[in-house]
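Step one of this worksheet: look at the structure below.
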Amino acid sequence: MRALLSVLITVLVSCSDNNVSSSSSQPSEANSLASVEQLTANESLRFMEWLDEEYAEEVDFSPLLKTRQGDKSAHGELDDVSEVALDARLEWRRTSVAEMRSSFDRDQLDKQGQLSWDLWQYALIDAERSEPFRRHRYIFGRNGSQSSLANSLINYQEVGDASDMRDYISRLNQSQRYLLQYLDRAKLAAADGIRAPHFDYQQAISEARRVTSGAPFDEQSDSALWADITAKIDNLIESEQINPSQAESFQEESRSALLTRFKPALDEIVNWLVADLENVSDVAKGAWSLPNGEAYYNSRLASMTTLPLTANEIHDIGISEVARIQAEMEQIKRQVGFEGTLQDFFTYMREDDQFYFPSNDEGRTNYLNLADDLLADMYERLPDYFGILPKAGLQVRRVEAFRETPGGAAHYARGTKDGSRPGTFYAHLIDMRAASIFRLENLAYHEGVPGHHMQISIQQELENIPRFRTAKGYTAFSEGWGLYAEYLGKEMGFYNDPYAEFGRLSGEIWRAVRLVVDTGIHAKQWTQEQATDYALQNSARPEPSVRSEIRRYFNNPGQATAYKIGMLKIQEVRAKAENELGAEFDIRDFHDTVLGSGQLPMAVLEAEVDSWIESVRN
């Protein structure tokens with residue numbers, strides 16, 4: 001925690017110093033001010049070029065990340081995810097920062113160069129803070145490798161010619177090595193007494209079996225992977241990239257790789273999970289129960305919030321915010337004429353059929369179509385509130401069956417910078433009673449525009465900053481922005497139906513509830529039922545979704561705190577700007593300031609806004 005606070009204070013001081021550096025540094029008699037500025041510009045350009053070279057080396061560690069970014073240079077390789085590789089990556093980062101310090105003088109860089117310096121250094125500090133707890137992060141369970149590899153191959157492995165298909169097959173042939181490296185790490189963690197909760201084991205087992213259910217693994221209809229492979233091969237035939245003989249060869253090679261590499265690895269993982277489940281208590285426990293668990297959770301809070309907040313402080317903020325938002329919910333309850341307590345109103349919103357589409361294909365289609373309509377309306381209003389607009393396209397899709405869970409959280413998957421793959425707002429629709437209509441509007445704004453899709457697309461499309469800043473993320477910034485975007489929708493004139501406004505409040509109160517239950521689980525030793533009961537009593541979220549979400553918080557300590565903490569900081573710096581600038585405050589310029597430098601730690605964002613305030617004044 002001291003390391004985090006120290007670096008944030010350093011960044012804050014250095015950023016504020018940038019405002020006076022030009023006036024305090026007088027040119028020598030031998031140099032004009034113009035020549036000094038040119039030297040600064042030249043050095044800053046050299047530094048940016050160096051950072052781009054370093055980031056290119058960094059992404060070399062992850063061929064899968066390259067593919068997600070639209071880079072096919074390692075399209076046929078899979079990551080080395082062993083602990084040895086993790087050690088090598090951390091050592092590389094240490095060497096890179098040491099080289100930065102020896103090769104460049106921060107004081108000779110321009111404002112953006114100094115910001116890039118601070119962020120490159122911060123990445124090392126965060127990595128070193130997390131390194132002692134490497135084995136604490138659960139390998140299997142929610143979003144584990146048992147399903148993430150299939151997801152990556154289906155959604156990101158683009159196949160436009162025969163070479164691309166050979167790359168796909170190459171990755172299938174490497175899948176056994178890749179998956180079993182994760183299994184080795186899970187075994188090492190278990191030997192240290194670190195095991196995921198029992199429901200994570202059960203989910204991993206279920207997902208792995210679903211991934212390998214269907215042809216060519218058995219006699220059922222095509223598995224999701226096989227359907228993807230055959231569709232991509234068919235597309236190559238239709239585009240005349242390959243002939244039928246090549247197509248047959250590709251199918252046979254793919255089938256062989258799936259049956260001799262991919263499935264045996266998943267079977268080995270399932271067998272270990274089934275056997276090791278005997279060592280897992282059926283009572284889920286938070287991070288406090290792990291070796292050095294308190295320090296681990298504090299490290300996670302620091303990484304997720306990028307602020308020096310304690311678990312108790314976050315818990316208290318959550319309780320306060322729950323009370324504030326419930327007062328606004330009471331007003332909605334009165335507005336619609338509901339008689340009864342707020343908890344009665346929650347039950348009504350959870351159970352009344354008018355708030356849900358039916359759990360059939362028509363209902364799911366209607367849900368997706370409504371999301372598209374809401375986003376289309378929002379797109380028309382964006383220019384009134386933003387100067388910088390995203391270029392990338394956006395699509396709304398249902399989560400694939402092999403990784404879909406009842407009540408699973410909607411999420412966003414970024415597209416590519418060149419627009420060849422759009423961003424995607426994913427929704428779990430297997431149980432439509434967990435996907436309420438009244439919450440869809442705020443969900444669309446959070447995952448789509450002006451939320452994640454807008455923020456991430458703008459970040460990827462930024463020019464004149466180092467490439468790592470167009471890709472690097474901080475959960476408090478991204479999720480804080482997503483929640484801020486939900487509220488912004490109200491300012492922009494949406495949520496005209498009182499139930500939709502209640503849905504917005506339901507989304508916000510859920511993030512406040514998260515502050516309470518996440519810290520409750522991991523710092524105050526709350527049980528699964530305690531957390532579930534608190535969430536049900538203080539929100540209108542459908543029960544299947546609540547239970548799924550509580551399991552998520554056990555799985556990923558601290559992550560759930562980033563949303564509300566990030567939103568509060570963005571609202572705080574906006575209120576400061578509005579107060580200090582008065583009539584000079586421009587909402588478009590404020591939003592462009594927040595989004596125009598890529599994602600930032602919260603304290604650095606505050607410094608950027610302070611600098612913008614000063615520039616407007618002057």
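Values quoted throughout were computed directly from the atomic coordinates according to the rules given, and no laboratory measurement underlies them. Note that the coordinates shown come from a computational prediction; the quantities given were computed from them, not determined experimentally. All Cβ positions, glycine included, derive from the backbone under ideal geometry; neighbour counts span all protein chains shown.
What is the Cα radius of gyration of the stretch 367-503 over 2.2 N^0.38 Å, N being its residue count?
After normalising by residue count via 2.2 N^0.38 Å, the value is 1.04.
Can you tell me the mean projection area, over all orientations, of the convex hull of the stretch 294-568's alpha carbons? Units nm², please.
Value for the stretch 294-568: 14.8 nm².
Sort all Cα-Cα distances of the stretch 216-339 into consecutive 10 angstrom bins from zero, then give the percent of pairs in each bin up to the one containing the longest distance.
Each 10 Å bin holds this share of Cα pairs: 9, 18, 15, 15, 21, 18, 4, 0.
Cα convex hull of the stretch 80-143: how many Å³ per residue?
On the way: hull volume 7.2 nm³, N = 64.
For the stretch 80-143, the hull spanned by Cα atoms encloses 112 Å³ per residue.
Would you kindly state how much longer the chain becomes between K490 and T347 on full extension, computed as 0.36 nm times their sequence separation minus their alpha carbon distance, in nm to one decimal?
49.0 nm
Could you pull out which residues in the stretch 549-586 have an amide N less than 19 Å from a spot 7 Å beyond the Cα of V283, following the Cα-Cβ vector?
551, 554-555
Given points 7 Å out from each Cα along the Cα-Cβ axis, report the E99 to E240 separation in nanometres with one decimal.
So the label points at E99 and E240 sit 4.7 nm apart.
Loop-only chymotrypsin sites (Phe, Trp or Tyr not before Pro) in the stretch 553-618, please: DSSP not H, G, I, E or B, and at most 15 other Cβ atoms within 10 Å.
F585
Could you work out how far apart the two model spin labels at E461 and D533 are, taking each label as a point 7 Å from the Cα in the direction of the beta carbon, and quote it in nm?
5.0
Sort the stretch 145-282 into rounded, prolate or oblate with this rule: let a ≥ b ≥ c be the square roots of the eigenvalues of the Cα gyration tensor; rounded if a/c is under 1.5, and if a/c is not under 1.5, prolate when a/b is larger than b/c, oblate otherwise.
Since a/c reaches 1.5 and a/b is larger than b/c, the shape of the stretch 145-282 is classed as prolate.
Amide H neighbours of T416 under 5 Å, at least 5 residues apart or on other chains, H built in the peptide plane: list them.
Sorted by chain and number, the residues that satisfy this are R421.
Measuring from the lowest to the highest alpha carbon on each principal axis, how far does the stretch 485-598 reach, largest first, in angstroms?
50, 33, 22
Provide E463, E362 in ascending order of the number of other Cβ atoms located within 10 Å of each residue's Cβ, fewest first.
E463, E362
What's the FRET efficiency of E313 with E248 using the Cβ-Cβ distance as r and R₀ = 41 Å, to the nearest 0.05?
Taking R0 as 41 Å, the efficiency between E313 and E248 is 0.05.
With a cut-off of 8 Å between alpha carbons and a minimum separation of six or more residues, what is the relative contact order of the stretch 294-568 in percent?
Answer for the stretch 294-568 is 28 percent.
Could you compute the net charge surrounding T40? Neighbours are other residues with a C-beta less than 13 Å from the C-beta of T40; K and R count +1, D and E count -1.
Details: positive: R46, R106, K111; negative: E37, E43, D105, D107, D110.
Cβ neighbours under 13 Å give a net charge of -2.
Write down the Kirkwood hydrodynamic radius of the stretch 427-566, to one decimal in angstroms, obtained as one divided by the mean of 1/r over all alpha carbon pairs.
16.0
Round to the nearest 0.05 the FRET efficiency obtained for R255 and L389 when R0 = 51 Å and r is the Cβ-Cβ distance.
Once the sixth-power term is evaluated, E becomes 0.65.
Suppose the chain between A215 and Q108 were pulled fully straight at 0.36 nm per residue; how much longer would it get relative to their current alpha carbon spacing?
My answer for the length gained is 32.4 nm.
List the aspartates and glutamates whose alpha-carbon lies under 15 Å from that of K232, not counting same-chain residues fewer than 8 positions away?
Partners found: E158, D161, D164, D167, D222, E240, E248, E252, E253.
For the chain, what is the calculated [θ] at 222 nm in deg cm²/dmol (nearest 500), taking -39500 (n - 2.57) for each run of four or more DSSP H residues and dividing by its residue count?
Rounded to the nearest 500, it is -21500 deg cm²/dmol.
Sequence gap at least 6, Cα distance under 8 Å: using those rules, report the relative contact order of the stretch 145-282 to the nearest whole percent.
Dividing the mean separation by the residue count of the stretch 145-282 yields 39 percent.
Set the bar at 26 Å for Cα to Cα. Now go through K66/K111; K66/K285; K333/K564 and name every pair that lies beyond it.
Numbers: K66/K111 29 Å; K66/K285 36 Å; K333/K564 24 Å.
Over 26 Å apart, Cα to Cα: K66/K111; K66/K285.
Would you kindly derive the ³J(HN,Hα) couplings of the stretch 156-168 from the backbone phi angles with the Karplus curve 6.51 cos²θ - 1.76 cosθ + 1.60 (θ = phi - 60°), listing them in order in whole Hz, with x for Gly and Pro?
With the stated coefficients, the stretch 156-168 comes to 10, 7, 6, 10, x, 7, 4, 4, 4, 5, 5, 5, 4 Hz.
Once fully extended, how much extra length lies between N360 and E578, figured as 0.36 nm per residue of separation less the alpha-carbon to alpha-carbon distance? Before the final figure, lay out each step's value.
Working: separation 218, 0.36 × 218 = 78.48 nm, distance 4.76 nm.
Stretched fully, the N360-E578 segment lengthens by 73.7 nm.
How large is the Rg to Rh ratio of the stretch 108-165 when both quantities use alpha carbon positions and Rh follows Kirkwood?
With Rh from the inverse mean 1/r over Cα pairs, Rg/Rh is 1.22.
Given Cα positions, please report Rg to Rh for the chain, the hydrodynamic radius being the Kirkwood one.
Answer for the chain: 0.97.
Going by C-beta contacts inside 10 Å, put S148, S116 in order with the fewest on the left.
S148, S116
Counting DSSP beta bridges with both partners in the chain, what percentage is antiparallel, nearest 5?
35
Just check the stretch 54-201 against the gyration tensor rule for me: Cα atoms, a ≥ b ≥ c as the square roots of the eigenvalues, rounded for a/c under 1.5, and otherwise prolate or oblate depending on whether a/b exceeds b/c. If you can, show how the numbers build up before the last one.
Details: a/c = 2.44, a/b = 1.28, b/c = 1.91.
Taking the square roots of the gyration eigenvalues as a ≥ b ≥ c, the stretch 54-201 is oblate.
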